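The values are calculated or read from the model by the stated rules, or taken from the named source; none is laboratory data. Just so you know, these numbers come straight off a predicted model, no measurement behind them. Quick reminder, even Gly has a Cβ in these numbers, built from the backbone with ideal geometry, and neighbours come from all protein chains shown.
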Amino acid sequence: MGGGSKRRRGPRHLSQTVRLDRRSLWTLNAVPGRAVYGESLRRFQGQEYRRWEPHRSKLAAAMLRTKDDPAFLLPEPGTTILYLGAGHGTSVSHLHDHLCGEQNRLGGRLVSVDLAPRCLRDLTFLAEVRPGLVPVLGDARKHAGWGVLVPRKVDWLFQDVAQAGQVDIFIAACKRFLAPNGTGLLSLKAASERWTGEGEAALFAEVESALNGASLRVIESIELTGYEDNHRLFVVEGMEA
Ligand SMILES: C[S@@+](CC[C@H](N)C(=O)[O-])C[C@H]1O[C@@H](n2cnc3c(N)ncnc32)[C@H](O)[C@@H]1O
């Protein structure tokens, strides 16, 4: 591509709260003075940011790898989003910085579902200082247990459950919860699939066709190897059922 001179190389804002500084991502800390998982803190123009580690967060890795504008992978601040497989809250905490901000000044709501009680314990501690974060002990496959917390369709849904059947779980969640034109992100761990076929490339192609066949439009499939080996992040757009 010849347009190198037009490209911005310096630090830039992906949103009011997310900065890209060379190859590192930073979010404006909603709880100043506190790190969540040992990440560095740094001030830019008098405000404290947390480094969003791409080796610890597949969303951050995907933002550094996407061929599109990384801002397209972020939800709109102040909206309601659904995150399946929230873990201990690493990525969720950065999303919270972006979606809600300090004392939830932006009015976001981040419904964070995980199956593991020890993850819920950590998410609950986080939620105490991060209003807008809603921890849910639940199974991503069983909407009946928690779906009531997401009464309207959302414009942004993320799934990272790293278990067998990830694609079917994601398709079912998108059908129920993702708004038409909303963004769905599926982090796929190849090793979690019972796959006896032709290797990862064929698996990923099969996943893409399953997503397309389920009324989801695949926009991009982002290779995460190097940050998370054997992982790929599929970016889809919800369509009218
Ligand atoms: C790789 S970790 C998530 C890491 C997290 N997304 C992050 O970036 O910080 C996968 C998580 O999915 C959860 N999980 C696995 N199966 C699940 C299911 N059926 N429903 C909800 N959570 C599930 C696990 O308990 C685990 O915490």
Going by the conditions given, is A62 away from the ligand (no atom under 13 Å from the Cβ), in contact with a helix residue (DSSP H, G or I) (Cβ under 9 Å, 6 or more places away or on another chain) and of a type in the set (G, A, S)? no
Mind checking which residues of the range 155-195 are within 14 Å of the ligand (Cβ to nearest atom) and of a type in the set (S, T, N, Q)? Q159, Q163, Q166, S187, S192
Identity of the residue in the range 41-68, under 20 Å from the mean Cα position of the chain (by Cα) and part of a loop (DSSP other than H, G, I, E, B), that ends up surrounded by the most Cβ atoms within 10 Å (Cβ to Cβ): S57
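A quick yes/no check of all residues on (1) surrounded by fewer than 23 Cβ atoms within 10 Å (Cβ to Cβ); (2) acidic (D, E):
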residue	(1), (2)
P70	yes, no
E76	yes, yes
T79	yes, no
G89	no, no
L106	yes, no
V113	no, no
F125	yes, no
F158	no, no
G165	yes, no
Taking the condition over 27 Å from L216 (Cβ atoms), at pLDDT 95 or above and small (G, A, S), does S93 pass? yes
Flag if A140 is within 16 Å of the ligand (Cβ to nearest atom), surrounded by 14 or more Cβ atoms within 10 Å (Cβ to Cβ), assigned to a helix (DSSP H, G or I) and of a type in the set (A, V, I, L, M): no
Filter the range 87-102 down to residues that are of a type in the set (G, A, S) and under 24 Å from E48 (Cα atoms) and give me whichever is farthest from the ligand (Cβ to nearest atom). G101
On the basis of being within 11 Å of the ligand (Cβ to nearest atom) and in contact (Cβ under 8 Å) with a residue 12 or more places away in the chain, does E53 make the cut? yes
Qualifying position, being within 10 Å of the ligand (Cβ to nearest atom) and more than 25 Å from R232 (Cβ to Cβ), among R152, R105, R130, R118: R118
In the list F44, F72, which residue meets the criterion of being away from the ligand (no atom under 16 Å from the Cβ), without any contact (Cβ under 8 Å) to a residue 40 or more places away in the chain, of a type in the set (F, W, Y) and more than 24 Å from C119 (Cβ to Cβ)? F44
Suppose we keep only residues that are hydroxyl-bearing (S, T, Y) and at pLDDT below 95 within the range 179-208. Which one would you say is surrounded by the most Cβ atoms within 10 Å (Cβ to Cβ)? S192
Please verify whether the range 2-14 includes one or more residues that are closer than 16 Å to T183 by Cβ and either in contact with a Pro (Cβ under 9 Å, 6 or more places away or on another chain) or modelled with pLDDT under 95 (or both). yes
Residues V36, V113: which one is assigned to a loop (DSSP other than H, G, I, E, B), aliphatic (A, V, I, L, M), modelled with pLDDT of 95 or more and within 11 Å of the ligand (Cβ to nearest atom)? V36
